[in-house]
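Since the structure comes first, as structure tokens, the remarks are kept for the end.
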Amino acid sequence: MIYDVIVMGGSYAGMAATLQLVRARRSVLVIDAGERRNRFAAHAHGFLSQDGVPPGEIAQLARRQLEAYPTLTWLEGQATAITGEVDAFCVTTDSGARQGRRILLATGVTDQLPDVPGLAQRWGTSVFHCPYCHGYELNQGRIGIIGSGPLSLHQAALLTDWGEVTLFTNGACELTPDVRADLTQRGVTLEETLIAQLDGHADVVLVDGRRLYFAGLFTATRTSPASPVAATLGCALEDSPMGVQVRIDAEHKTSVPGVFACGDVARAPHSVSLAVGHGAMAGAQVHRSLVWPESLRPA
């Protein structure tokens, strides 16, 4: 069977795109490895009508709704390669090869965490990246920012609306006189002693032995595509302030004709609600390319 569209990734962006396509009665194969980026978080926030709902429940409900459409096929597995061209793509998976007319990359990203002992074990539970997703629940308590680069300075200023902020530069943030003055004026405490480890719920232990207690911690990760298939297919990549992503145009087209991308792998900033909106538009654009294939030709 040749599918109209093969969607690489069955998280929020991929499912939102798939919904538009199956409602247009197009045959869609979703290939999903089951590793949602927010799988470590207990609750999702900032998503209208789903605020406070466990992210796994949102994903499960979305999949059940998609499976009500007869043109959907869901494959749990990992894609290892994509070859071919418009109308004749071949996706190799760990269970065999599948063919499709269009490819939609919704593979998501991987977070590269700062090398701080104890951080990875608390990622998504007491260490976060998005204040709009997790800041409110800290109840205006003490918030620590674990410095990782220039974006940490932005986080420190932004998070003052959610609590009392301490920025741990941890050897990764340059505090120019202007930056230092600005953050101090905003009420941010600047701590330049290196971090030894994280402990307890959200305790920061410094190399001088001090232990500081927080309601929650934030850090700015650097992201990269969770799957190498975009790069191996030849899709152009680009740098964003948050990391490497697949380059797309206003119609979600990548640099490879017939291949589209959406969600965290193709845009920043990142959240569930933004991924859903981005995916929905991508699904419509992929459908348009099936109706008007001449739109895939370069100008």
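Rounded to the nearest 5, what % of DSSP beta bridges with both residues in the stretch 114-219 are antiparallel?
30
Applying 1/(1 + (r/R0)^6) with R0 = 45 Å to the Cβ-Cβ distance of residue 90 and residue 154 gives a FRET efficiency near 0.60.
Each peptide among 175-181, 259-265 gets the average number of other Cβ atoms lying within 10 Å of its residues, and from highest to lowest they stand as 259-265, 175-181.
Once you divide the Cα radius of gyration of the stretch 1-105 by 2.2 N^0.38 Å, the number left is 1.11.
Coupling constants for the stretch 194-207 follow from the phi torsions by the Karplus curve (6.51 cos²θ - 1.76 cosθ + 1.60, θ = phi - 60°), and in residue order they are 5, 8, 8, 5, 9, 8, x, 6, 8, 8, 10, 9, 8, 5 Hz; glycine and proline get x.
P(r) for the chain, from all Cα pairs and a bin width of 5 Å, is 1, 5, 12, 15, 16, 14, 11, 9, 7, 5, 4, 1, 0, 0 %, short bins first. Ranked by how many other Cβ atoms sit within 10 Å of their own Cβ, fewest first, the residues 58, 143 fall in the order 58, 143. When both bridge partners sit in the chain, DSSP labels roughly 45% of those beta bridges antiparallel. Taking the chain as a whole, the Cys residues whose C-beta sits 4.7 Å or farther from every other Cys C-beta are 90, 173, 235, 262. At full extension, residue 174 and residue 51 could sit 40.7 nm farther apart than now, given 0.36 nm per residue minus the alpha carbon distance. Convert 20 °C to kelvin, take the viscosity as 1.002 mPa s, use the Kirkwood radius over C-alpha pairs of the stretch 142-299 as Rh, and evaluate the Stokes-Einstein diffusion coefficient in µm²/s, rounded to a whole number. This corresponds to a translational diffusion coefficient of 117 µm²/s. In this simple spin-label approximation, residue 213 and residue 251 carry label points 7 Å from Cα along the Cα→Cβ vector, and these lie 5.9 nm apart. Using the Cβ-Cβ distance between residue 64 and residue 132 with R0 = 41 Å, the FRET efficiency computed as 1/(1 + (r/R0)^6) comes to roughly 0.90.
Taking the alpha carbon gyration tensor of the stretch 114-219, multiplying each eigenvalue by 5 and rooting it gives semi-axes of 19, 17, 12 Å, largest first. In the chain, the DSSP-assigned H stretches of four residues or longer account for a calculated mean residue ellipticity at 222 nm of -7000 deg cm²/dmol, using -39500 (n - 2.57) per stretch and the full residue count as denominator.
Each Lys and Arg adds +1 at its Cβ and each Asp and Glu adds -1 at its Cβ; summed about the Cα centre, the chain shows a dipole of about 880 debye. Remark: the residue 115-residue 201 segment gains 29.2 nm on full extension, using 0.36 nm per residue and subtracting the alpha carbon distance.
On the basis of the beta-carbon distance and an R0 of 35 Å, residue 192 and residue 237 show a calculated FRET efficiency of 0.50.
Its residues counted as N, the stretch 1-58 yields a C-alpha radius of gyration over 2.2 N^0.38 Å of 1.30.
No lab work stands behind these numbers, since they all come straight from the coordinates. This is a predicted model, so every value here is computed, not measured. For neighbour counting, all protein chains shown are included, and Cβ atoms are generated from backbone atoms with ideal geometry for every residue, glycine included.
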